[in-house]
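Below is one structure, written out as structure tokens; the observations come after it.
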Amino acid sequence: MQLRFSTILLIVSILLLPFFSTAQVNFTTLADKQSIGLNDILQVQFIAENASQIESFEAPPFTDFNVLQGPIETSGMSLVNGEISRYQAMTFILRPKRTGKLIIQGATALINGKRTKSNQLRIEVGNATPQSANPYPIDPGISAYRRQIQEDYILQPGETPAEKIKKGLLVVLDLDKTTAYVGEPIVSTYKLLTRLRSDSRVSKRPSMNGFSVYDMIELDGAGPTIEERNGKEYQSHIIRKTQLIPLQEGTFELEPVELENKVRFLRTDQTSGSANRSSLQRLIDDLMGDASGTWEEHQITVASPARTVTILPLPQGAPNSFSGAVGKFTIKGATSTNKIAAGENLTYVLEIEGSGNLPLINAPEWFLPDSITSFDPQITEELNKSISPMEGKKTITYTITSSAPGTFQLPGIEFSFFDPGTKAYKTLRTDSIPLTITPSLNRMPEKPATQKISEPVLSPGKLIIIGVGLLVFGGMIWLIMGRKKTGHAPANPKPSELVSVNPEPVHRTISDYLISPRWAAGKEDPVLFFKELETSIWNCIGDHFGLAPSERKKETVVPMLKARGWSDNDLAALDSIWNRCEWALYAPGIAVADAAAILTEVEGLLTKVQQS
């Protein structure tokens, strides 16, 4: 039996050689995780598929990582969805040196005589996590590429496609919590779990009314994983993973996502005894084509179940300086100098750092003496959205000036936030700042008392020419004045004849705002269309209400519109447009075929804005 089994494997390898020689060659970089802690272990693999010859492999410099092990060389073959691949992999075990968004560059190799470079990876490294007893991979060097679930695509006698699909194709929505405060993030993850051979596409995307939505991963870098559910292993594909930050209290239903699927089954007429074969024997049968039967294809739409979340209002008793920050934060401030001249600018930098709803935090108000003028603050932010609540830093730069010399004690800036962990408000304050303003250094140059003339400015000849010109000019003036006296000047000019010294402000119509999205619709580029549409909406709203760029946010605008009589249906329609614009950034499959209908709807909404 052992001899027969070895012979079968040898025959299988020989028969597969034509497939390997014609299959597409790929050189990719894979990691077992996209997000890790500072003390975690990361397994990175550089995998060449279907390459007949690999030479001169060069690993990239792991600048931000310590190499704990590697390179480890492995090779093998894989059967996925009926397609056979052979691979060779170089594996490295790494540990990050610092936190942040770290880049792993691609490796280079001479593959089939051609210099090739693999893709780069971006790894999110957070703070240190509790160390496991054995942080190293169980089988370093054995690629996750080789670990495949046992596909359940064969229809045995008596089995139906509907039964197989019900158990082998699931769309789920996972939530990290179902109850949260306003401003406290909820992690929502839509997934496709499959044990079948299927092709899927999103046919209906859920709206997320009442939330600010922030994507946690880039789908291009999120490969499938193996996930166990109900005692079975599934191949798990993330459809979308987001942080939902609630904007208002109440009970909300997170709508399902729908997927259209094409599922392929092999209906076999094998005897029932063949079902008891081992997984290895089944693999050999697949490779040898022993599983006889008829392939059939089924189309089915599968949706995730709707989930309900409850959003609690923030407690009463918020400080006067509270403006919606929820999480845990620290602040610090510093000035560029403590002494300026009158008319010069002074910059003050405030840093708000921590975890929570950082994108929704506005610049705290700075209460300054009346003699000091302040300009609109400039805001920048650095965010790590791959963890929840998101972490990062918001930097707010204030610029002030004064024309009055003197000595001032600038008050500190007060910042308050709600901590969901302790369920209490906390107030922080920066130190006050001494400031000396000296008299202005910019003085107008004094006029000289005397002026020394070394030679005549005009010669006698030039004086004669100028005199003749003045006589001619005077005669023309006399003729003009004489003609005016014979006419009848109106006693009082009409108001329309008066020249206004204050020109009227330019009023932009709705059509003006929609010029760019209408142009983008003709380009048949969904991402460009929705990007221009979102910009136009915010420009119209911001111009109408006089909002600074930092104030053009849903949490600022929605209460304003509601206070001006907008109905829930109108607000929901506007929010739906916003959500479609956001979805277009990660799901470019949204068609622009309905661009005309969308523009008509937006035109109606913006008309309501200008009427508010």
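Per-residue extension of 0.36 nm, minus the Cα-Cα distance of TRP519 and LEU175, leaves a gain of 119.9 nm for this segment.
Just the accessible area per residue of the range 370-443, please: how many Å² with a 1.4 Å probe? Before the final figure, lay out the partial values.
Values: 4040 Å² over 74 residues.
With the other protein chains kept in place, the range 370-443 gives 55 Å² per residue.
In a fully extended conformation the segment linking GLU159 and GLU344 would gain 58.3 nm over its present Cα-Cα distance, using 0.36 nm per residue. With contacts taken as Cα pairs under 8 Å at a separation of at least 6 residues, the range 330-451 carries a relative contact order of 31 percent.
Loop-resident trypsin sites (Lys or Arg not before Pro) (DSSP state other than H, G, I, E or B) in the range 346-415 with no more than 12 further Cβ atoms inside 10 Å of their Cβ are absent. Across the range 556-580, the residues whose backbone nitrogen lies under 20 Å from the label position 7 Å along the beta-carbon direction of THR607 are 561-562, 564-578.
Descending by average beta-carbon neighbour count within 10 Å, the peptides 307-315, 323-331 line up as 323-331, 307-315, the highest first. Estimated at 0.36 nm per residue, the fully extended path between LYS33 and THR294 surpasses their Cα-Cα distance by 90.1 nm.
Placing a pseudo-label 7 Å from each Cα along the Cα-to-Cβ vector at ILE103 and ARG429 gives an inter-label distance of 4.5 nm.
Summarising the overall dimensions of the range 150-255 from its C-alpha atoms, the Rg and Dmax are 16.6, 54 angstrom.
The values are calculated or read from the model by the stated rules, or taken from the named source; none is laboratory data. Treat the numbers as computed from the prediction; the structure is a model and nothing was measured. No Cβ is skipped: glycine too gets one built from the backbone with ideal geometry, and neighbour counts run over all protein chains shown. Surface areas here come from the heavy atoms of the whole protein model, side chains and all, with no ligands, DNA or RNA. Shrake-Rupley method; radii C 1.70, N 1.55, O 1.52, S 1.80 Å.
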